[in-house]
Amino acid sequence: MSKRLFVSIDLDGLAEAIAAVQDRFEGASGLNVVDPEQAHVTLKFLGDTDPDRLPELTDELTVAVEESGVAPFEARFGGLGAFPSEEYITVVWVGVREGGAAMIDLHDAIEDRTVAMGFDPADHDFTPHVTVARMDHAGGKEQVQTVLREADPSVGPLDVTDVRLTESVLTDEGPEYSTLESFEL
């Protein structure tokens, strides 16, 4: 059975700060917050992957992280935004204030290696962000738009020392993530 995989930078230790941001949207109809303990920056979504490909994928990700030239760095997260736009919201996110360039370098190296392996290329430009909520319907859209315009939260710093290959298992309570492999910077 295939595994649903992505490559991420996990926001270990920032769950309380993420939850505080999510609290600003309390009561917004149609908005579902993500588990703050699972907050992360997705560098590459791989999708359903044959487990037999894991050894090759692990090797390629090791090389990609080395080729990126990125050393451990401090990232800072803050500010809010929405995809695809503030007018039509499907995802609410916290941005990356510092460390974004290093994340882009990691993404680019990982993208090159995984696409060469036959994984689908990204269908949009990479924007480092942390998804904090998803909008199922527009019931609370005006409330969400007000928070997006008026709030400028700071989520805090994070020492980024590794990139993780993560499995996502979809459950009735939402996705559950587990780290399959960690790649030191």
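Of the conditions (1) more than 14 Å from the chain's Cα centre (by Cα); (2) surrounded by fewer than 18 Cβ atoms within 10 Å (Cβ to Cβ); (3) modelled with pLDDT of 95 or more, Gly81 clears all except one; give me its number.
The failed condition is (1).
Scan the range 23-42 for residues that are in a helix (DSSP H, G or I) and surrounded by 15 or more Cβ atoms within 10 Å (Cβ to Cβ) and jot them down.
Taking the range 23-42 first, the residues in a helix (DSSP H, G or I) are 23, 36-38.
Those that are in a helix (DSSP H, G or I) and surrounded by 15 or more Cβ atoms within 10 Å (Cβ to Cβ): Pro36, Gln38.
Just wondering, is there one or more residues in the range 82-99 that are of a type in the set (S, T, N, Q) and more than 20 Å from Leu185 (Cα to Cα)? Talk me through it step by step, then tell me what you get.
Narrowing the range 82-99 to residues of a type in the set (S, T, N, Q): 85, 90.
With more than 20 Å from Leu185 (Cα to Cα) added as a condition, the list becomes 85, 90.
Among the residues of the range 82-99, at least one is of a type in the set (S, T, N, Q) and more than 20 Å from Leu185 (Cα to Cα), which makes the answer yes.
Looking at the structure I just gave you, is Glu98 within 23 Å of Leu14 (Cα to Cα) and either free of Cβ contacts under 8 Å to residues at least 40 places away in the same chain or within 18 Å of the chain's Cα centre (by Cα) (or both)?
Details: within 23 Å of Leu14 (Cα to Cα): yes; either free of Cβ contacts under 8 Å to residues at least 40 places away in the same chain or within 18 Å of the chain's Cα centre (by Cα) (or both): yes.
Answer is yes for this residue.
Quick one: in the range 157-168, of everything that is of a type outside the set (Ser, Thr, Tyr) and out of contact with any Lys or Arg (no Cβ under 7 Å at 6 or more places or on another chain), which residue is surrounded by the most Cβ atoms within 10 Å (Cβ to Cβ)? Full working, then the answer.
So the first thing to find is which residues in the range 157-168 are of a type outside the set (Ser, Thr, Tyr), and the list is 157-160, 162-165, 167.
If we keep only those that are out of contact with any Lys or Arg (no Cβ under 7 Å at 6 or more places or on another chain) as well, we get 158-160, 162-165.
Details: Leu158: 22, Asp159: 11, Val160: 22, Asp162: 15, Val163: 29, Arg164: 19, Leu165: 21.
In this case the residue turns out to be Val163.
Do any strands (runs of 3 or more DSSP E) entirely within the range 142-185 hold 1 or more residues that are touching a residue at least 60 places away in the same chain (Cβ under 8 Å) and of a type in the set (Lys, Arg), and if so, which?
On the way: elements: 154-160, 162-171, 174-184.
Result: 162-171.
Per-residue answers, yes or no, for (1) closer than 28 Å to Met135 by Cα; (2) in a strand (DSSP E or B); (3) modelled with pLDDT of 95 or more:
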position	(1), (2), (3)
Glu16	yes, no, yes
Val21	yes, no, yes
Lys44	yes, yes, yes
Val63	no, no, yes
Ile110	no, no, yes
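The values are calculated or read from the model by the stated rules, or taken from the named source; none is laboratory data. These numbers come from a predicted model, not from an experiment. All Cβ positions, even for glycine, are placed from backbone atoms using ideal geometry, and neighbour counts span all protein chains on display.
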